[in-house]
Amino acid sequence: MTPKQYCQEKAAKSGSSFYYSFMFLPKQKREAITALYAFCREVDDVVDECTELKVAQVKLAWWKDEVRNLYLKKPIHPVTKALEPVIQQFQLDEEHFHEIIDGMEMDLNFNRYEDFKQLQLYCYRVASVVGILSAQIFGFENRKTLKFAHDLGMAFQLTNIIRDVGEDARRNRIYLPLDELAKFNVTEDDILKSRESDAVKRLLDAQIERAEMYYDKALNELPAEDKKSQRVGLIMTAIYRTLLREIKADGAEKVLNARISLGTLRKLWIAFSTWFKYL
């Protein structure tokens, strides 16, 4: 299996909505974004799959070394081998890859976030940085597009957090800011024990409102001349925002006990219609 094939398989297995948007890209950019996505999956899997803290720490340290190897032009792993021509062609900064790993490392050190400022750093590292790297691969003329990518990454991660509240709670993780739980009279126990209530609904509706604000902010920041090149981000916006609105319409508190998702055909329809909208 070649490094490109390895990355393709890694991306396809994830079942993520991101995969549906890659298919529209020309071959070179599709392979580049697939390699970046495979890197993110690899480091994320370390946190998700390692039950021993020290083992996970050692593995993430290995990935930091491997990023250094990548920029020294001596990568070992199939993913970094696939990334080697990508980082040169699209001028991707080494520091951004380290920041992604730092974000994953936060999951080893924190299972609670005191306030949104602390959560914001996590979202920046695991999502906004990925958005910036992606925007570089897609191409842009106006540097304001990087701000669009940053805020879109925030919106995506906040959507993920809302969608996964119940699933995360079953792993003793609460990403909702604790000071905001207190503001809405919701306890950690309410989240951990999946207690649906009006208070939880109000808390989650507030989180949805914040995510919507980031979507609006990002879309307002995207320069007209870069809308065509950034169509993959716009496809993801359409898919994720539709999901967010489904969650609100169904009753946001229901995410405590069920994972709400869009079907494959619906995501494909959204992807196709959005792509052709910006031709």
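The values are calculated or read from the model by the stated rules, or taken from the named source; none is laboratory data. Source: prediction; values computed, not measured. Cβ placement follows ideal geometry from the backbone for every residue including glycine, while neighbour counts extend to all protein chains displayed.
Of note:
- Meets criteria (closer than 25 Å to LEU256 by Cβ, out of contact with any helix residue (DSSP H, G or I) (no Cβ under 6 Å at 6 or more places or on another chain) and either buried (at least 23 other Cβ atoms within 10 Å of the Cβ) or modelled with pLDDT of 95 or more (or both)) for PHE110: no
- Condition check for PHE148: within 29 Å of LEU219 (Cβ to Cβ) and surrounded by fewer than 22 Cβ atoms within 10 Å (Cβ to Cβ): no
- Note on the stretch 192-223: among residues that are under 30 Å from LEU146 (Cβ atoms) and of a type in the set (Gly, Ala, Ser), the one that is surrounded by the fewest Cβ atoms within 10 Å (Cβ to Cβ) is ALA206.
- Counting only helices (runs of 4 or more DSSP H) that fall entirely inside the stretch 192-279 and contain at least 3 residues that are assigned by TED's automatic domain parsing to the domain that holds SER128 and polar (S, T, N, Q), the qualifying elements are 264-277.
- Which listed residue is crowded, with 21+ Cβ neighbours inside 10 Å, under 25 Å from ARG259 (Cβ atoms) and at pLDDT below 90, from SER14, SER21: SER21
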